Amino acid sequence: MPQWLDLFRPELFGGLGLFFLVLSVLSLSSRLILPFIFSYSTWLIISLLELIGTGYYAATKDTNLDIPIILHAISNIEDLWPVFMSETRAGTGLIVSAALLLVFITSLILKTKAEHKCIWLAEKKARLLLLPVASIICLCISLWPSFYYKDIGYTQSFSYNILKSIGYTFERLGKKNSINIEDRQFPYKTNLVLRDDHQERRNLVVVILESTRASATGIYNSAMKTTPYMVELAKRSEVFQRVYTVVPHTSKAIVGILCGVEPGLYQHVDEATVPSGIPVDCLASTLGDQGYKSVFFQTATETFEDRKGLVRNMGYQEFFSLESIKDQEGYKRVNYFGVEDDAILPLSEEWLDAVGVNPFFATYLTLTTHHPYGAPHRYGKQEFSQEEKFNRYLNSVFYQDHFIKNLIAQYKEKGLYNSTIFVLVGDHGEGFGEHGRLQHDTVIYNEGLHVPLLIHDTQYSALKTHWDPMSTIDIAPTVLDRMGYSFNQDSYVGRSYETRKEAAIFSHCWRVRACMSIIRGKYKLVHHFENREDELFDLDTDPRESKNLADNYPEMVNAMLAEMLIWRENNIRQYGVFRTQLVNE
């Protein structure tokens, strides 16, 4: 079977099998109108799901489309429709055309049946035998494991995965958890105390770099010339070489960065949509208790995944988004969520002028580096790669580097540079097929999890490069420590860098039951649930994660897997208890 046919085999033969099933019902009797309508409707619905799945595959190279992601898409349809359309390809058009053609053929058969009833009845026995057999054969072919794509999970049709996800939901509801989990509750309150009463309260600026993987910057990859300003800044900063995001999806990732806790390991962003939906004090609320003013800036829309609600739940006092930028003339629309990052600089300047002498905490979330990477070329266009999409991405990183330069220049002009600590961190990385996946939601490898982290402070003399691994949930306590505050380490799930020692680092795909990983020392285990075999990598000798060592160390795999499952189940239980408490209150 040709490779291209194997890729779309589940959809092609699945559609044919259902079509033959519809004709089988039609052949039984003209009186069976209800079974016919049911069969025909089922075929149309599944064809629609396959169409959606094809668009999802084109965007992510992931075939594990399931119920949670469909529900998420429906709840955010206005914002996500452009995402789907941006990845529509000829294959999608062919599926639409095929669906319309089959509708026409079915209508033609119905017409022929009415006009030539005698011939139709004479051939009834043959049809009753051949059509069900054809349907069964086609459906079996559609569900047969892939011949070419076993290593990256392309083994089932989109519709099959949807039915499978429903089955897992009922299975989870119907049985008790057999994993022994910790009896750990969320910390709910953080009390800060300055170690030195006479110490100046420093301003804090956190710049979250959208979809910026470490290897796309010159700091972590000397061959990359995308970030000349960040490279120079790194020479006067603390550089953390091995930082990994907890969930590679922005709304979840920024909770980890700004709140020091893992977000809920499920797709729905309860952290935004549920009032008081974050179970800990985030940096904005903690510093707010110390008299800090706080603000969150982004050039993306405030509506997607209720970013406005998320910012409110994190404790920010003010929020500026795409809707706040009244004059967008001269700023390029870079993707379906908003405009280029420079558009926020005028609002930032106005806010800094108004803040007065109060210490403040400002967060900037960039956007230009998000898919489909439509950076303007006012700072020039470079040829970083011969691959067109990857080159667009790297040029977006190049543009973002200029935005960071412009932003810090603004602070210098306002006389705030020396009294401010700057933190630059990626929310997550971005995949370009290195392990068969695109974008980030299900990219559990280094290109999706490994992010840059700089802490730039003109008053901090111990500038060095840190090599021990850390999670993005360790950033909040680490930054508070740098700001001179003492606090109970149990106030956060994360730990300050100096105290985290050799704790394991956990990450989880945004998709439920898609993938998760654990890093302990130099080893990283990736678990794919039922989708494919587990993978074990030695990150010291194999940073590109190309050689699976799982078969060589079965005991290590079992121990790390057990630890990872306990972490996941504990998270699910904790958030379940927390949501119940919110309802009761």
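The values are calculated or read from the model by the stated rules, or taken from the named source; none is laboratory data. On a predicted model such as this, the values are computed, not experimentally measured, just so you know. Backbone-built Cβ (ideal geometry, glycine too); neighbour counts: all protein chains shown. All accessible areas refer to the heavy atoms of the entire protein, side chains included, with ligands and DNA or RNA removed. Shrake-Rupley method; radii C 1.70, N 1.55, O 1.52, S 1.80 Å.
Just need a number here: residues in the range 511-532 that are modelled with pLDDT under 85, on the phi > 0 side of the Ramachandran plot and in contact with a Cys (Cβ under 8 Å, 6 or more places away or on another chain).
0
Where the second residue is open to solvent by 40 Å² or more (accessible area, probe 1.4 Å) and in a helix (DSSP H, G or I) and the first is farther than 21 Å from Val334 by Cβ and lies in the range 211-232, which pairs have Cβ atoms under 6 Å and are six or more apart or on separate chains?
From the range 211-232, the pairs are Gly218/Val231; Ile219/Val231; Asn221/Ser215.
Out of Ser546, Ser496, I need the residue that is within 20 Å of Asp474 (Cβ to Cβ) and polar (S, T, N, Q). Which one?
Ser496
What tally of residues in the range 454-466 results from selecting those that are assigned to a loop (DSSP other than H, G, I, E, B) and either open to solvent by 40 Å² or more (accessible area, probe 1.4 Å) or polar (S, T, N, Q) (or both)?
7
Could you tell me whether the range 243-257 includes any residue that is under 20 Å from His428 (Cα atoms), touching a residue at least 24 places away in the same chain (Cβ under 8 Å), of a type in the set (S, T, N, Q) and in contact with a helix residue (DSSP H, G or I) (Cβ under 7 Å, 6 or more places away or on another chain)?
The answer is yes, given that some residue of the range 243-257 is under 20 Å from His428 (Cα atoms), touching a residue at least 24 places away in the same chain (Cβ under 8 Å), of a type in the set (S, T, N, Q) and in contact with a helix residue (DSSP H, G or I) (Cβ under 7 Å, 6 or more places away or on another chain).
Residues that are hydrophobic (A, V, I, L, M, F, W, C), part of a strand (DSSP E or B), modelled with pLDDT of 90 or more and within 19 Å of Ile505 (Cβ to Cβ): does the range 431-453 have at least one?
There is at least one residue in the range 431-453 that is hydrophobic (A, V, I, L, M, F, W, C), part of a strand (DSSP E or B), modelled with pLDDT of 90 or more and within 19 Å of Ile505 (Cβ to Cβ).
Those residues that are assigned to a loop (DSSP other than H, G, I, E, B) and open to solvent by less than 10 Å² (accessible area, probe 1.4 Å), I need them from the range 487-509; list them, please.
The answer is Tyr492, Gly494, Ser496, Cys509.
Need the failing condition index for Gly356 against (1) outside any helix (DSSP H, G or I); (2) farther than 30 Å from Asn221 by Cβ; (3) open to solvent by 70 Å² or more (accessible area, probe 1.4 Å), just the number.
(3)
So, Glu555, is that one surrounded by fewer than 17 Cβ atoms within 10 Å (Cβ to Cβ), acidic (Asp, Glu) and either modelled with pLDDT of 95 or more or part of a helix (DSSP H, G or I) (or both) or not?
Taking the combined requirement at face value, the residue satisfies it.
Quick one: which of Arg513, Arg568 is open to solvent by 40 Å² or more (accessible area, probe 1.4 Å), closer than 25 Å to Lys252 by Cα and in contact (Cβ under 8 Å) with a residue 24 or more places away in the chain?
Result of the check over Arg513, Arg568: Arg513.
Name, by its number, the condition in (1) more than 23 Å from the chain's Cα centre (by Cα); (2) farther than 28 Å from Pro279 by Cα; (3) in contact (Cβ under 8 Å) with a residue 60 or more places away in the chain that does not hold for Val577.
Unmet condition: (2).
Residues being open to solvent by less than 10 Å² (accessible area, probe 1.4 Å), touching a Lys or Arg at 6+ places or on another chain (Cβ under 6 Å) and not hydrophobic (A, V, I, L, M, F, W, C): count how many of those fall in the range 427-449.
4
Look at Glu305 and say whether it is in a loop (DSSP other than H, G, I, E, B) and either open to solvent by less than 40 Å² (accessible area, probe 1.4 Å) or in contact (Cβ under 8 Å) with a residue 40 or more places away in the chain (or both).
no
Any residue in the range 536-553 that is closer than 13 Å to Leu525 by Cβ sitting within a Cβ distance under 8 Å of a residue that is charged (D, E, K, R) and exposed (fewer than 14 other Cβ atoms within 10 Å of the Cβ)? List the pairs, counting only those 6 or more apart or interchain.
Pairs found: Phe537/Lys547; Asp538/Lys522; Asp538/Lys547; Leu539/Lys522; Asn548/Glu533; Ala550/Glu533.
So which residues in the range 312-342 are under 26 Å from Asp289 (Cβ atoms) and in a strand (DSSP E or B)?
Glu318, Phe319, Phe320
Assigned to a loop (DSSP other than H, G, I, E, B) and closer than 17 Å to Phe296 by Cα: does that describe Leu345?
no
In a loop (DSSP other than H, G, I, E, B), buried (at least 20 other Cβ atoms within 10 Å of the Cβ) and in contact with a Phe, Trp or Tyr (Cβ under 7 Å, 6 or more places away or on another chain): is that true of Asp474 in this structure?
Here the answer is no, as Asp474 does not meet what is asked.
Checking the structure you have, find out if any residue of the range 409-421 is within 21 Å of the chain's Cα centre (by Cα) and either at positive phi or not in a loop (DSSP other than H, G, I, E, B) (or both).
There is no residue in the range 409-421 that is within 21 Å of the chain's Cα centre (by Cα) and either at positive phi or not in a loop (DSSP other than H, G, I, E, B) (or both).
Which strands (runs of 3 or more DSSP E) does the range 200-300 wholly contain that include 1 or more residues that are out of contact with any Leu (no Cβ under 8 Å at 6 or more places or on another chain) and open to solvent by 10 Å² or more (accessible area, probe 1.4 Å)?
293-298
Is there a residue being touching a Leu at 6+ places or on another chain (Cβ under 7 Å) and open to solvent by less than 10 Å² (accessible area, probe 1.4 Å) anywhere in the range 386-402?
There is at least one residue in the range 386-402 that is touching a Leu at 6+ places or on another chain (Cβ under 7 Å) and open to solvent by less than 10 Å² (accessible area, probe 1.4 Å).
Any residue in the range 372-389 that's part of a loop (DSSP other than H, G, I, E, B): show its pairings with residues that are open to solvent by 90 Å² or more (accessible area, probe 1.4 Å) at Cβ separation under 9 Å, as long as the two are six or more apart or on different chains.
Within 9 Å, the pairs are Gly374/Arg333; Ala375/Lys381; Gln382/Lys225; Phe384/Lys225.
For the range 510-532, does any single residue satisfy the condition of being among the small types (Gly, Ala, Ser), in a loop (DSSP other than H, G, I, E, B) and in contact with a helix residue (DSSP H, G or I) (Cβ under 7 Å, 6 or more places away or on another chain)?
no
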